[in-house]
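The values are calculated or read from the model by the stated rules, or taken from the named source; none is laboratory data. Bear in mind the structure is a predicted one, so any value in this text is a computation, not a measurement. Reconstructed Cβ throughout: ideal geometry from the backbone, glycine too, with neighbour counts over all protein chains shown. Ligands, DNA and RNA are excluded from the accessible area calculation, which covers all protein heavy atoms including side chains. Shrake-Rupley method; radii C 1.70, N 1.55, O 1.52, S 1.80 Å.
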Amino acid sequence: MLIMKNKFINNKYILRLFWIVILGIIWQVVALSQVFNPTSFPRIETILSSLIHDVTNGDIILQTLYSLSLIFRGVAAALIIAIVLSGLSAISQTFEGFVETLIAIAHPLPGIALLPLIILWIGIGEGAIIFIIIHSVLWPLIINLLTGFKSIPKIYKKIGKNYGLNTIGIIRYILIPAALPYFITGLKIGWARAWRAVISAEMVFGAAGGIGGLGWLIFKKRVFMDTPGLFGGLIVIVFIGILVEDIFFDRLEKITIRKWGMSI
Amino acid sequence: MEKLTKIHRICIVLIIFVIVLSLNGCTLNNDTSQNNEIRIAEQYGLAYAPLQIMKNKEILKKRLPQTQIIWKQMGNTAAIREGMISNEVDIGFMAIPPFLIGWDKGMDWKIASGLSSMPIGLITYKDGINSIKDLTTNDRIALPQPGSIQHILLSMASEKAFSDSHKLDNQLVTMAHPDGMNALLAKKDISAHFTSPPYIFKELDNEGFHQVLTGEEAMGKDFTFIIGVATKEFHDMSSETYEAFLDSLHEAIDFINDHPQEAASILAKEYDLPKEEVLRYITADGTKYTSKVKGLEDFTDFMKRNNYISNSFQNLEEVLWEDVNYEK
């Protein structure tokens with residue numbers, strides 16, 4: 001009995017589902033008690049039926065895919081820039097000073113605070129949204145990569161040399177695996193930041209690129225006072241967040257750092 | 001239970017302590033809807049001029065010396081509506097379509113008075129665009145937000161032009177009037193801007209900028225631009241304050257109409273514009289300050305027909321408080 005109970009609690013997915021159900025029940029009780037105005041606190045079945053309606057007529061799927069494609073493009077660009085900048089910093093100390101200065105200037109600036117400037121420079125199209133995504137992903141990614149490279153003990157490289165590895169071998173078999181936990185953490189932070197950036201930018205810019213993304217959908221739900229639909233949009237964001245966290249990153253860690261014995 | 005360590009017990013006591021304290025705070029904060037308070041929400045623009053007169057000449061204060069008057073200037077209608085749902089605002093000023101959206105979704109509120117009619121319309125700098133039929137799918141249109149009166153008027157025009165009221169919906173860019181004006185003047189991303197005074201006048205003062213569509217053309221007749229809406233709670237619970245507010249509002253409206261010169265110099269300070277300019281704006285063709293509510297049924301019919309709302313009213317008492325000056 002005790003073992004079964006432990007198994008139940010140890011299974012991450014079951015535990016997560018359990019808490020989601022509990023939170024759902026609390027939500028429904030509050031909604032049914034009518035403490036809050038039903039227009040601002042709808043019941044779960046209202047939210048779900050509105051979500052199902054949006055899914056079946058295809059709008060929400062197209063718009064989510066569009067937002068995801070923006071994130072993908074932004075994160076890919078940020079990734080390349082981050083690898084180049086942190087790689088150069090690992091080689092040259094002068095360059096590292098430059099990158100650290102850049103981080104000190106740019107990292108504290110929220111993307112939304114930069115909006116007026118971005119509108120002036122880039123305009124209000126897709127390019128502007130991607131720029132905001134790059135801005136919000138790039139700096140945490142670089143910081144994590146730099147920390148990752150710095151945290152590698154010198155003795156690792158020496159061991160590599162003892163094994164007769166050349167420079168490429170040391171990078172491939174020692175530096176990259178050793179820095180990977182930091183890299184994955186940076187990616188996780190970047191991914192979460194990219195979601196926030198894309199949703200808030202879409203709410204400001206409207207239907208960039210013809211159909212608009214999830215942020216535009218949520219904004220439209222707000223102005224037409226479709227609160228259940230608004231929650232439907234939020235559920236989609238949460239759902240994708242959990243999906244990426246529990247499946248994509250979990251897999252990535254399993255086949256890399258956990259397999260190599262870098263983390264528990 | 002004996003398994004609880006000392007740290008556990010301290011934690012539990014702390015948690016209970018914090019919860020009790022914060023619940024205490026809740027009850028204190030909830031006590032905001034006292035009778036001697038009136039909270040009025042407005043937006044920015046010349047359409048709200050009578051409210052500036054009311055503030056500046058202290059018209060309401062003279063009638064309600066004991067009442068605390070709180071003015072809130074909000075960025076958009078959705079914020080005012082949300083403020084009224086959460087009982088942070090008693091009287092809100094907005095256009096007819098946002099009111100209808102709230103009413104349709106079950107908000108307990110009705111129109112208390114009209115405020116103004118304004119020349120509103122779609123402005124562009126592009127020579128090739130002379131009607132909305134000339135807009136291509138690459139032309140983006142700035143307006144305050146979907147569901148705003150600007151959006152509904154544009155939809156009315158696109159129903160007439162394309163037999164599809166939603167045709168331009170995915171070319172919209174949500175911008176507050178000042179931002180939209182700057183974006184249009186930059187001649188870069190925004191091809192057209194659906195706006196109201198003073199922005200519409202300022203844009204038209206630029207060479208090559210012209211009007212593609214007027215609100216009247218879209219609607220087919222003139223209509224009330226801004227109305228005052230009161231929640232049922234405020235109307236029923238604070239009926240004397242409500243009456244005093246309406247009287248003050250009508251006095252302020254009459255003042256602008258009877259003394260435009262004096263009103264213009266007061267408003268010039270409030271809006272930080274030259275007096276002559278303000279005088280030109282408030283006496284322009286199509287600018288009317290009046291308590292009359294006009295065009296309600298046309299908006300309702302159109303919005304119902306195109307699924308922006310799902311209910312329409314059977315009789316006027318469902319949407320108007322008593323003694324509203326109404327014209328079909």
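Looking at A:Gly169 and the list (1) in a helix (DSSP H, G or I); (2) open to solvent by 30 Å² or more (accessible area, probe 1.4 Å), which single condition is not satisfied?
Here A:Gly169 meets the rest and fails (2).
On the given criteria, is A:Val204 closer than 22 Å to B:Asp169 by Cβ, modelled with pLDDT of 90 or more and either open to solvent by 10 Å² or more (accessible area, probe 1.4 Å) or within 14 Å of chain B (Cβ to nearest Cβ) (or both)?
Against the criterion (closer than 22 Å to B:Asp169 by Cβ, modelled with pLDDT of 90 or more and either open to solvent by 10 Å² or more (accessible area, probe 1.4 Å) or within 14 Å of chain B (Cβ to nearest Cβ) (or both)), A:Val204 does not qualify.
Working carefully through the options B:His193, B:His177, B:His151, find the one that is within 14 Å of another protein chain (Cβ to nearest Cβ) and either open to solvent by 10 Å² or more (accessible area, probe 1.4 Å) or touching a Ser or Thr at 6+ places or on another chain (Cβ under 8 Å) (or both). Walk me through it before giving the result.
Values: B:His177 fails: within 14 Å of another protein chain (Cβ to nearest Cβ); B:His151 fails: either open to solvent by 10 Å² or more (accessible area, probe 1.4 Å) or touching a Ser or Thr at 6+ places or on another chain (Cβ under 8 Å) (or both).
Within the list B:His193, B:His177, B:His151, the selection yields B:His193.
For (1) within 9 Å of another protein chain (Cβ to nearest Cβ); (2) modelled with pLDDT of 90 or more; (3) at positive phi; (4) open to solvent by 40 Å² or more (accessible area, probe 1.4 Å), each residue gets a yes or a no:
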position	(1), (2), (3), (4)
B:Lys62	no, yes, no, yes
B:Gln73	no, no, no, yes
B:Ile101	yes, yes, no, no
B:Gly106	yes, no, yes, yes
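For the structure I just gave you, tell me whether B:Ser191 is hydroxyl-bearing (Ser, Thr, Tyr) and part of a loop (DSSP other than H, G, I, E, B).
Criteria not met by B:Ser191.
Of all residues in region B:293-325, count the ones that are open to solvent by 60 Å² or more (accessible area, probe 1.4 Å) and farther than 16 Å from B:Phe99 by Cα. Even if it seems obvious, please write down each step before you answer.
Pass one, region B:293-325, residues open to solvent by 60 Å² or more (accessible area, probe 1.4 Å): B:301, B:304-305, B:307, B:310-311, B:314-315, B:317-318, B:322-323, B:325.
Checking the rest, the ones that are also farther than 16 Å from B:Phe99 by Cα come to B:305, B:314-315, B:322-323, B:325.
Residues that pass the stated criteria total 6.
Please go through region A:211-246 and pick out each residue that is open to solvent by less than 40 Å² (accessible area, probe 1.4 Å), closer than 15 Å to A:Leu65 by Cα, within 11 Å of chain B (Cβ to nearest Cβ) and not in a helix (DSSP H, G or I).
A:Gly212
Looking at this structure, is A:Phe98 open to solvent by 60 Å² or more (accessible area, probe 1.4 Å), within 24 Å of A:Lys150 (Cα to Cα) and of a type in the set (Phe, Trp, Tyr)?
Judged against the criteria, A:Phe98 is a match.
Looking at this structure, is B:Gly114 part of a strand (DSSP E or B), in contact with a strand residue (DSSP E or B) (Cβ under 9 Å, 6 or more places away or on another chain), more than 14 Å from chain A (Cβ to nearest Cβ) and under 27 Å from B:Glu317 (Cβ atoms)?
Yes.
Condition (residue is touching a residue at least 40 places away in the same chain (Cβ under 8 Å) and in a loop (DSSP other than H, G, I, E, B)) applied to region A:111-124: is it met by at least one residue?
Yes: region A:111-124 contains one or more residues that are touching a residue at least 40 places away in the same chain (Cβ under 8 Å) and in a loop (DSSP other than H, G, I, E, B).
Which residues, taken from region B:201-248, are within 23 Å of B:Tyr326 (Cβ to Cβ) and of a type in the set (Lys, Arg)?
If the condition is that a residue be within 23 Å of B:Tyr326 (Cβ to Cβ) and of a type in the set (Lys, Arg), then B:Lys221, B:Lys232 are the ones that fit.
Quick check, is A:Phe72 within 14 Å of chain B (Cβ to nearest Cβ), free of Cβ contacts under 8 Å to residues at least 24 places away in the same chain, surrounded by fewer than 15 Cβ atoms within 10 Å (Cβ to Cβ) and not charged (D, E, K, R)? Give the steps one after another, and end with the answer.
Details: within 14 Å of chain B (Cβ to nearest Cβ): no; free of Cβ contacts under 8 Å to residues at least 24 places away in the same chain: yes; surrounded by fewer than 15 Cβ atoms within 10 Å (Cβ to Cβ): yes; not charged (D, E, K, R): yes.
So A:Phe72 does not fit the description; no.
Please go through (1) on the phi > 0 side of the Ramachandran plot; (2) out of contact with any Asp or Glu (no Cβ under 9 Å at 6 or more places or on another chain) for A:Ala77 and return the number of the only condition it doesn't satisfy.
(1)
Somewhere in region B:206-213, is a residue open to solvent by less than 30 Å² (accessible area, probe 1.4 Å), in contact with a strand residue (DSSP E or B) (Cβ under 9 Å, 6 or more places away or on another chain), touching a residue at least 60 places away in the same chain (Cβ under 8 Å) and assigned to a strand (DSSP E or B)?
yes
Closer than 30 Å to B:Glu82 by Cα and either of a type in the set (Ser, Thr, Tyr) or touching a Pro at 6+ places or on another chain (Cβ under 7 Å) (or both): which single residue out of B:Ser265, B:Ser291 fits that description?
B:Ser291
So the check is Cβ under 8 Å with 6+ separation or different chains; which pairs have a first residue in region A:29-42 that's within 11 Å of chain B (Cβ to nearest Cβ) and a second one that's surrounded by fewer than 15 Cβ atoms within 10 Å (Cβ to Cβ) and among the β-branched types (Val, Ile, Thr)?
The qualifying pairs are A:Phe36/A:Val30; A:Phe41/A:Val30; A:Phe41/A:Val35.
For region B:229-328, list the helices (runs of 4 or more DSSP H) that sit wholly inside it and hold at least 3 residues that are closer than 20 Å to B:Ile53 by Cβ; which are they?
Here the list reads B:239-258, B:260-271, B:275-282.
Looking at region B:214-255, which of its residues are more than 29 Å from B:Ser131 (Cα to Cα), in contact (Cβ under 8 Å) with a residue 60 or more places away in the chain and surrounded by fewer than 16 Cβ atoms within 10 Å (Cβ to Cβ)?
Residues satisfying the conditions are B:Lys232, B:Glu233, B:Met237, B:Asp247.
Looking at region B:181-190, which of its residues are more than 11 Å from chain A (Cβ to nearest Cβ) and open to solvent by less than 30 Å² (accessible area, probe 1.4 Å)?
The answer is B:Met181, B:Leu184.
Take the residues of region B:75-99 that are of a type in the set (D, E, K, R) and open to solvent by 40 Å² or more (accessible area, probe 1.4 Å): which is nearest to the other protein chains (Cβ to nearest Cβ)?
Applying the filter and picking the extreme gives B:Glu82.
Of the residues that sit in region B:42-60 and are over 20 Å from the mean Cα position of the chain (by Cα) and over 19 Å from B:Val89 (Cα atoms), which one is surrounded by the fewest Cβ atoms within 10 Å (Cβ to Cβ)? Let's see the steps before the verdict.
Keep residues of region B:42-60 that are over 20 Å from the mean Cα position of the chain (by Cα), which gives B:56-60.
Next, from what is left, pick out any that are over 19 Å from B:Val89 (Cα atoms): B:56-59.
Working: B:Asn56: 14, B:Lys57: 17, B:Glu58: 12, B:Ile59: 21.
Among residues in region B:42-60 that are over 20 Å from the mean Cα position of the chain (by Cα) and over 19 Å from B:Val89 (Cα atoms), the one surrounded by the fewest Cβ atoms within 10 Å (Cβ to Cβ) is B:Glu58.
For region B:117-142, enumerate the residues that are assigned to a helix (DSSP H, G or I) and among the hydrophobic types (A, V, I, L, M, F, W, C).
B:Ile132
Considering every residue within region B:71-84, establish whether at least one is among the aromatic types (Phe, Trp, Tyr) and under 25 Å from B:Ile282 (Cα atoms).
Yes, there is a match, as at least one residue in region B:71-84 is among the aromatic types (Phe, Trp, Tyr) and under 25 Å from B:Ile282 (Cα atoms).
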